[in-house]
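First up is the structure itself, then whatever we jot down about it.
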Amino acid sequence: MTLARMCATAEDTQRAGEEFAALLQVGDIVLLDGPLGAGKTTFTQGVARGLGVHERVTSPTFTVVRQHACTAHPTLRTLHHADVYRINHLDEVVDLALAELVEEDGVALVEWGTLASSVFGDDVITVTFAIDDETRRLELSGPALARRMSAAEQWVHA
Ligand SMILES: Nc1ncnc2c1ncn2[C@@H]1O[C@H](COP(=O)(O)OP(=O)(O)OP(=O)(O)O)[C@@H](O)[C@H]1O
Ligand SMILES: [Mg+2]
């Protein structure tokens with residue numbers, strides 16, 4: 001089954017992120033896959049809103065990964081927001097140790113994460129962004145979704 005949602009505006013994409021936050025569980029690694037300007041950072045800002053992050057979320061392109069404290073989730077305490085677009089070697093992604101960072105009480109959203117798929121393994125959620133003029137099509141996929149299909153279906157129909 002296809003889990004896709006159309007977002008006509010940047011605010012729609014933020015709302016899709018905010019509602020996606022309801023699906024998240026401790027330890028999740030979410031790969032954000034789509035071309036430049038597709039809305040990966042915009043979506044992450046929505047996720048941050050959903051998780052009760054107070055500070056502004058901006059592109060971590062030059063810092064590679066940023067941490068944000070979450071205040072609105074029963075178990076998630078930290079949102080790790082990474083962007084691996086400028087990374088030259090997979091070793092650098094390995095060194096981020098995101099899987100360890102999220103283990104206890106975090107989740108990670110990784111822009112351009114599918115460039116480093118082999119580092120993250122299979123147990124991830126992928127959000128694929130496609131651009132059609134102003135509209136963005138967001139599609140969820142990945143084995144990690146199987147455990148929460150009804151929530152994912154709610155996200156599609158929200
Ligand atoms: N429907 C839409 N959803 C998301 N962004 C939109 C939409 N329509 C227009 N935009 C604009 O597209 C841009 C998306 O930028 P954003 O930084 O979120 O993309 P990105 O995928 O993170 O890019 P990069 O690969 O450079 O990190 C913003 O300027 C936003 O205002
Ligand atoms: Mg970005």
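Since every read-out is calculated from the coordinates, none of them should be taken as a lab result. Since we're looking at a predicted model, the values are computed, not measured. Here the Cβ is made from the backbone with ideal geometry for all residues, glycine too, and neighbour counts use every protein chain on show.
Tabulate in residue order the Karplus-calculated ³J(HN,Hα) for segment 67-77, using 6.51 cos²θ - 1.76 cosθ + 1.60 with θ = phi - 60°, rounded to whole Hz; enter x for Gly and Pro.
Karplus-based 3J(HN,Hα) across segment 67-77 equals 10, 10, 6, 9, 10, 10, 10, x, 10, 7, 10 Hz.
Based on other C-beta atoms within 10 Å, arrange L32, L145, L140 from fewest to most.
By the 10 Å Cβ count, ascending, the order reads L145, L140, L32.
What residues have an amide H closer than 5 Å to that of A72, excluding those fewer than 5 places away on the same chain, when H is modeled at 1.01 Å from N in the peptide plane?
G52
Report the residues of segment 122-138 in range of a label on T9: point 7 Å along Cα→C-beta, backbone N strictly under 19 Å from it.
Only 132-138 fall inside the zone, counting backbone N under 19 Å.
Give me the mean projected area, in nm² to one decimal, of the convex hull enclosing the Cα positions of the chain.
If I average the Cα hull's projected area over directions, I get 8.4 nm².
What ³J(HN,Hα) values, in whole Hz, does the Karplus curve 6.51 cos²θ - 1.76 cosθ + 1.60 give for segment 32-39 when θ = phi - 60°, with x put for Gly and Pro?
Result, rounded to whole Hz: 9, 10, x, x, 3, x, 6, x.
Apply the Karplus curve 6.51 cos²θ - 1.76 cosθ + 1.60, θ = phi - 60°, to the phi angles in segment 42-56 and return the couplings in whole Hz, x for Gly and Pro.
With the stated coefficients, segment 42-56 comes to 4, 4, 4, 4, x, 4, 4, 4, x, 8, x, 7, 8, 7, 6 Hz.
Can you give the FRET efficiency to the nearest 0.05 for A151 and R77, using r as the Cβ-Cβ distance and R₀ = 22 Å?
0.60
Report the calculated FRET efficiency for A69 and A22 (r = Cβ-Cβ distance, R0 = 25 Å), to the nearest 0.05.
0.85
Let me have the 222 nm mean residue ellipticity of the chain computed from DSSP H runs of 4+ only, each contributing -39500 (n - 2.57), with the sum over all residues rounded to the nearest 500. Intermediate values should be presented prior to the final figure.
Numbers: 6 runs with 49 residues, N = 158.
The helix contribution divided over the chain gives -8500 deg cm²/dmol.
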